[in-house]
1. Tabulate in residue order the Karplus-calculated ³J(HN,Hα) for the range 33-38, using 6.51 cos²θ - 1.76 cosθ + 1.60 with θ = phi - 60°, rounded to whole Hz; enter x for Gly and Pro.
2. Grab the beta carbon distance between A10 and T90, set R0 = 25 Å, and tell me the FRET efficiency rounded to 0.05.
3. What are the ³J(HN,Hα) values, in whole Hz, obtained from phi via the Karplus relation 6.51 cos²θ - 1.76 cosθ + 1.60 with θ = phi - 60°, for each residue of the range 156-161 in sequence order, with x given for Gly and Pro?
4. Put +1 on the Cβ of every Lys and Arg and -1 on every Asp and Glu Cβ in the range 62-198; which of W161, A78, L197 then has its Cα farthest towards the positive end of the dipole?
5. So which residue, out of A117, A228, A22, gets the largest mean-square fluctuation from a GNM of the chain using Cα contacts under 10 Å as springs?
6. Over the chain, what is the mean sequence separation of C-alpha contacts under 8 Å (at least six apart), divided by residue count, expressed as relative contact order in percent?
7. Place +1 on the Cβ of every Lys and Arg and -1 on the Cβ of every Asp and Glu in the chain, take the dipole about the Cα centre, and give the residue among W41, A228, Q23 whose Cα lies farthest towards its positive end.
8. Can you give the helix-only mean residue ellipticity at 222 nm for the chain, where every DSSP H stretch with n ≥ 4 adds -39500 (n - 2.57) and the sum goes over all residues, rounded to the nearest 500 deg cm²/dmol?
Amino acid sequence: MTSHAQDYPAGACIPSHRHARAQLLYAAAGTMTVTAESGSWVIPADRALWIPPGVGHAIRVGAKLAMRTLYVAPGAAAGLPRQCRVLQVTPLLRELVLAATALGARESGSRARRIRALILDELRQIPAMPLYLPTARSVRLQKVTTALAADPADRRTLGQWAREAGMSPRNLARAFLKETGLGFRLYRRQARLLAALERLAAGRPVTGVALDLGYDSPSAFIAMFRRALGATPKRYFGTAASPGRASPGRA
């Protein structure tokens, strides 16, 4: 395992690339959106994205980002996910990642080995978070999903989207389930959730985000957010801490 620390300004973009090693991309502060062939993931502060070896991905920075990256040799990644996954970073894992980053890439003493082994053990215990928007495979469905990702507030119905895609409503509904694993409504809700995370992380007020994303009221938006992530936006983003400092208690 090796590590790397780098900060990026808001709006920075890292073009598509891949690594022979697996990666843990940790947002110690700020937010980033990672896009790969299979979909896109939003990673707010105190969350991380696990990327298996060889997966091409691009990164777009939302709020000013303190990225802490661990590179894990394929042989050390046994038992870890074979697909990209967003992970909730526990207080223990946070401190371990920061300690590993402080060690530097060439440190190989017994303390370094223990820290790195404990990181891998901790990663195997953490469940994935639902911060993922799948990519459609067919051209006709991509027309719909691309439009929804670009404008999650679009209120067109399944029937209206079906006409736009040149499909029957039934076939469009089947295509959503087959290609993304989500029904139409769930896909649109997920697109809105990820868009909300980017806006909220950038400091936008909840009311403005709710209205921008097509919700009739802030309370309806907050209810959706809580169902998806288990906390209100205020409490969810209140868990983030600045890089290099201990994380406060989680909601």
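Quick note: the coordinates plus some simple rules give every number you see, no bench work behind them. All of these numbers come straight from a predicted model, not from anything done at the bench. Here the Cβ is made from the backbone with ideal geometry for all residues, glycine too, and neighbour counts use every protein chain on show.
1. 10, 10, 10, 10, 4, 8
2. Numbers: r = 27 Å, r/R0 = 1.07.
Working from the Cβ atoms, E equals 0.40.
3. Ordered by residue, 3J(HN,Hα) equals 4, 7, 4, x, 5, 5 Hz.
4. Comparing the listed Cα positions along the dipole, W161 ranks first.
5. Comparing A117, A228, A22 in the GNM, the peak value goes to A117.
6. On the way: 456 pairs, mean separation 50.0, N = 251.
Reported as a whole number, the value is 20 percent.
7. Positive-end residue among those listed: A228.
8. Numbers: 9 runs with 101 residues, N = 251.
When only DSSP H runs of four or more count, the value is -12500 deg cm²/dmol.
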